[in-house]
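This report concerns only the one structure given below.
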Amino acid sequence: MSRKLFGTDGVRGRANTAPMTAEMALRIGEAAGRYFRRENGGVHRVVIGKDTRRSGYMFETALTAGLTSTGMSVLLLGPVPTPAVGLLTPSMRADVGIMISASHNPAEDNGIKFFGPDGFKLSDEVEAEIERLVETGVEPAQAQNIGKAKRIDDGRFRYQERVKSTFPTNMRLDGMKVVIDCANGAAYRAAPEVLWELGADVIAIGDEPDGFNINRDCGSTKPQSAAARVVAEGADVGICLDGDADRVIIIDEKGEVADGDQIMALMAAQWAAEERLRGGTLVATVMSNLGLERFLQGKGLRLERTGVGDRYVVEAMRAGGWNLGGEQSGHIVMTDYATTGDGLMAGLQFLAAMTRTGRRASELARNFEPVPQMLKNVRFGAGQLPLETDGVKAAIASAETELNGKGRLLIRKSGTEPLIRVMAECEDKVMLEAVVDRVVEAVQDVV
């Protein structure tokens, strides 16, 4: 069946607008409850976390109603990072975990993403079956079998202890000044507390959520405020998370930004040197810079590329037996420690490298020279299919011909927002800009 609800990372959209309505959340809860509820007796349990969006209350309540109506008991974690749900689902012997978040999107959006009993995101096949159950409807449980809900107070603390356990034993951050930008999101309490408990001098920003300021001019997608604060405070490093804390961007002491590609390059080289990088392979998406691939090749390592979305990175990692992967946007997945991208864990790995080597952030954050890359987004309206028009197809074909042997072009529809993403790489910056602009103009002409 064709998927109408689920994108590359769960169900996502503007709150109170289809599909992200309370009614739909209720139906999704019913469908998920029916799919994951075991019929052989015993406890049927789901954990639900959320970020700091005002609409999270609405969706939390609706999902809880749907789930309990099918006999699932619900444990409400409150505001926690997405990776905390991935961790706590198997830890608390839950049948399924749910995170209510639209990640890096603005506060007006929200989303619902699932984790299976093993803590990993669901496969396309499972999501398709849940979607089928949403469409067909499910039978509610008998009155005596209705589930119950309760709030769990220690979920965040369990997560924080797990994160700290990934930091090298007997290593401390004493004397290190760290700016942490929490994006007014899910890690606004967890991230500063973990860093402080490990000994850092912590300067927290983006740690005053009001329900509407998540990701607003802060976090991994807007690192300028954190960069300015690092320089102003004379900090050693800055760590920028996104709204649900599964992404990270590093700011060096000069205020320069290092994206996920640079962080992965550092970690892959270090893990390979320590004989920890399984199969000598790093997994990343088609969006990662060609410079990263060349860097790895120079060290005798390989880059395995996947489609866009950290869940596809994780699927490839599990299939290939590899333990390090991620995205240029800052998802860093370390399956030795976590089941999904974890911005705080990855940030700690960077701080550990600084501590271990005694080198400054600027020395560790620039591992390769990126091939010039340009990404532009074009927003389209409901029902529009710009990539299927003849004019856009012709523009793309012309661009590919021009870049042949000189670079690469990637055109895709975002799985989380109504955007067409136009990305190209080319050593010739003039050609790069001209090619991207022509494709963007062709898309804009039909939207």
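The values are calculated or read from the model by the stated rules, or taken from the named source; none is laboratory data. Remember, predicted model here, so these are calculated numbers, not experimental data. Because the Cβ atoms are built from the backbone with ideal geometry, glycine has one as well, and the counts that use them run over all protein chains shown. SASA here: full protein model, heavy atoms, side chains in, ligands and nucleic acids out. Shrake-Rupley method; radii C 1.70, N 1.55, O 1.52, S 1.80 Å.
The single condition among (1) touching a residue at least 24 places away in the same chain (Cβ under 8 Å); (2) surrounded by fewer than 19 Cβ atoms within 10 Å (Cβ to Cβ); (3) closer than 30 Å to Thr281 by Cβ that Gln384 does not meet is (3).
Residues of the stretch 308-340 that are among the acidic types (Asp, Glu) and open to solvent by 10 Å² or more (accessible area, probe 1.4 Å): Glu315, Glu327, Asp336.
Considering only residues in the stretch 411-447 that are in a helix (DSSP H, G or I), farther than 29 Å from Arg12 by Cα and out of contact with any helix residue (DSSP H, G or I) (no Cβ under 8 Å at 6 or more places or on another chain), the one that is most open to solvent (accessible area, probe 1.4 Å) turns out to be Lys429. Taken over the stretch 153-181, the criterion of being among the aliphatic types (A, V, I, L, M) and farther than 18 Å from Leu241 by Cβ is satisfied by Met171 alone. Scanning the stretch 287-301 for residues being in contact (Cβ under 8 Å) with a residue 60 or more places away in the chain and open to solvent by 40 Å² or more (accessible area, probe 1.4 Å) gives a total of 2. Filtering the stretch 89-110 to residues that are in contact with a Phe, Trp or Tyr (Cβ under 9 Å, 6 or more places away or on another chain) and under 21 Å from Arg34 (Cα atoms) leaves Thr89, Pro90, Ala94, Asp95, Val96, Gly97, Ile98, Met99, Ile100. List pairs: first in the stretch 119-130 and more than 12 Å from Tyr35 (Cβ to Cβ) and part of a helix (DSSP H, G or I), second open to solvent by 30 Å² or more (accessible area, probe 1.4 Å) and charged (D, E, K, R), Cβ under 9 Å, 6+ apart or cross-chain? Matching pairs, first to second residue: Asp124/Arg3.
Of everything in the stretch 182-228, what is in a helix (DSSP H, G or I) and either over 14 Å from Cys240 (Cβ atoms) or open to solvent by less than 40 Å² (accessible area, probe 1.4 Å) (or both)? Give them in sequence order. Answer for the stretch 182-228, where residues must be in a helix (DSSP H, G or I) and either over 14 Å from Cys240 (Cβ atoms) or open to solvent by less than 40 Å² (accessible area, probe 1.4 Å) (or both): Ala190, Ala191, Pro192, Glu193, Val194, Leu195, Trp196, Glu197, Ala226, Ala227.
Among the numbered conditions (1) open to solvent by 10 Å² or more (accessible area, probe 1.4 Å); (2) in contact (Cβ under 8 Å) with a residue 60 or more places away in the chain; (3) more than 30 Å from Asp217 (Cα to Cα), the only one that Leu67 does not meet is (1). All of (1) crowded, with 17+ Cβ neighbours inside 10 Å; (2) of a type outside the set (S, T, N, Q); (3) within 23 Å of Gly415 (Cα to Cα) hold for Leu75 with one exception: (3). Evaluation of Gln160 against the conditions (1) over 19 Å from the mean Cα position of the chain (by Cα); (2) crowded, with 16+ Cβ neighbours inside 10 Å; (3) free of Cβ contacts under 8 Å to residues at least 60 places away in the same chain shows that the sole unmet condition is (1). Considered as a group, the residues in the stretch 103-150 that are small (Gly, Ala, Ser) and open to solvent by 30 Å² or more (accessible area, probe 1.4 Å) include one that is farthest from Gly71 (Cα to Cα), and that residue is Ser123.
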